[in-house]
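Take a look at the structure below.
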Amino acid sequence: MHFAILCSRDSWYLRDLQRAAGSRHELTPVAFRDLAAGLLPEGPQFAGGSLDLRGVDALLVRTMTPATLEQVVFRMDVLGRLESAGTTVMNPPRAIEAAVDKYLASAKLAAAGLLTPPTIVCQTVAQGQEAFHQLGGDVVVKPLFGSEGRGIVRLNDEALAQRTFHLLVGLGAVLYLQRFIPHDGYDIRVLIAGEAMWAMRRRNPLDWRTNVSRGATTERVELQTSWAEMARRAAAAVGAPLAGVDLLPARDGRCYTLEVNAVPGWQALSRTLEVDVGRHVIECLESHVIAKRELGR
């Protein structure tokens with residue numbers, strides 16, 4: 001099979017996928033900036049630079065690069081139309097759009113019956129101050145779009161919260177507030193690739209944020225049945241067959257679903273668990289291509 005990989009050409013993930021694919025499949029890297037589309041008399045066209053995307057068996061979205069609103073909308077439109085034309089896109093564009101939008105993702109998780117931190121999303125300083133008090137005066141403020149812990153701040157001082165809200169509103173940002181959930185300094189990352197699933201614990205003794213990019217350490221942890229069920233439901237809620245689900249065991253014994261990453265990394269998990277995640281991702285792509293072909297018969 002021939003797979004297009006939306007990624008940087010010097011990406012560790014591209015090298016890992018190429019290693020895992022071996023000689024069985026051809027992998028071609030494509031940059032988001034090289035996506036182009038045509039509406040012509042002979043039919044729709046989709047290109048990734050010099051590569052005709054209609055000729056690949058599947059396209060794997062392995063990165064989400066910063067871009068303008070116009071660029072993001074167009075790029076997701078191209079992926080959506082490519083998928084509609086019959087090419088397997090992983091994750092599906094609608095899943096990526098849902099997961100990258102923290103409000104929409106939280107709403108879908110809550111609608112699926114999963115426990116999520118109490119959340120208020122608003123747009124004015126006055127609404128932010130009211131939400132701050134409504135959520136108990138100890139909140140986590142996150143950018144609506146963002147990952148790896150960037151731009152996240154914990155606020156438990158009213159004056160500091162007000163200044164932060166003024167700054168964010170002045171920048172045109174939406175205020176996304178969640179009640180801070182007391183925990184023991186770690187969370188659980190569950191990675192799903194089709195039918196395969198793994199878990200690791202992420203712990204950061206120097207920061208309440210447990211992102212590996214912020215210095216958290218990782219360690220093996222047994223995947224509890226309840227965690228596996230929560231992760232499956234969370235991934236299904238956004239429609240992502242390849243997903244990283246963040247779970248937070250709280251001090252009161254409850255476990256919260258924080259978010260779903262529809263473009264998940266696996267470098268730390270592969271190293272920690274000594275598992276060949278790249279091979280499972282390739283197999284996940286294979287199975288989706290085969291399933292789509294069988295449905296088309």
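The values are calculated or read from the model by the stated rules, or taken from the named source; none is laboratory data. Everything numeric in this text was worked out from a predicted model, so none of it was measured. Cβ sites come from the backbone with ideal geometry, for glycine too, and all protein chains shown count toward neighbours.
Below, the figures for the structure above:
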{"read-out": "Given (1) assigned to a loop (DSSP other than H, G, I, E, B); (2) surrounded by 18 or more Cβ atoms within 10 Å (Cβ to Cβ); (3) aliphatic (A, V, I, L, M), index of the condition ALA131 fails", "value": "(1)"}
{"read-out": "Test: residue in region 27-35 that is farther than 27 Å from GLU283 by Cα and either touching a helix residue (DSSP H, G or I) at 6+ places or on another chain (Cβ under 8 Å) or not assigned by TED's automatic domain parsing to the domain that holds ALA173 (or both)", "value": "yes"}
{"read-out": "Members of region 177-228 that are at pLDDT below 90, out of contact with any strand residue (DSSP E or B) (no Cβ under 7 Å at 6 or more places or on another chain) and in a helix (DSSP H, G or I)", "value": "SER213, ARG214"}
{"read-out": "All positions within region 28-57 that are buried (at least 20 other Cβ atoms within 10 Å of the Cβ) and over 16 Å from LEU82 (Cα atoms)", "value": "PRO29"}
{"read-out": "Subset of region 54-87 [polar (S, T, N, Q) and in contact with a Phe, Trp or Tyr (Cβ under 9 Å, 6 or more places away or on another chain)]", "value": "THR63, THR65, GLN71, THR87"}
{"read-out": "Pair list, Cβ < 6 Å and 6+ apart or interchain, from region 267-283 residues that are at pLDDT below 95 and of a type in the set (Lys, Arg) to residues that are part of a helix (DSSP H, G or I) and buried (at least 18 other Cβ atoms within 10 Å of the Cβ)", "value": "none"}
{"read-out": "Any hit, region 231-244, residues being within 24 Å of ALA112 (Cα to Cα), part of a strand (DSSP E or B), touching a Leu at 6+ places or on another chain (Cβ under 7 Å) and touching a residue at least 12 places away in the same chain (Cβ under 8 Å)", "value": "yes"}
{"read-out": "Qualifying residue in region 277-290 (condition: touching a strand residue (DSSP E or B) at 6+ places or on another chain (Cβ under 6 Å), part of a helix (DSSP H, G or I) and either in the same structural domain as SER11 (by TED's automatic domain parsing) or within 17 Å of ALA107 (Cα to Cα) (or both))", "value": "no"}
{"read-out": "Condition broken by SER8, with the remaining ones in (1) surrounded by 15 or more Cβ atoms within 10 Å (Cβ to Cβ); (2) over 20 Å from ALA236 (Cα atoms); (3) modelled with pLDDT of 95 or more satisfied", "value": "(3)"}
{"read-out": "Residue in region 102-124 that is touching a residue at least 60 places away in the same chain (Cβ under 8 Å), outside the structural domain of VAL30 (by TED's automatic domain parsing), surrounded by fewer than 16 Cβ atoms within 10 Å (Cβ to Cβ) and on the phi > 0 side of the Ramachandran plot present", "value": "yes"}
{"read-out": "Residue selected from region 246-286 under the condition among the small types (Gly, Ala, Ser) and surrounded by 14 or more Cβ atoms within 10 Å (Cβ to Cβ), by the criterion farthest from the chain's Cα centre (by Cα)", "value": "ALA250"}
{"read-out": "Residue under evaluation PRO29, criteria (1) free of Cβ contacts under 8 Å to residues at least 60 places away in the same chain; (2) more than 20 Å from ASN91 (Cβ to Cβ); (3) not hydrophobic (A, V, I, L, M, F, W, C), criterion not met", "value": "(2)"}
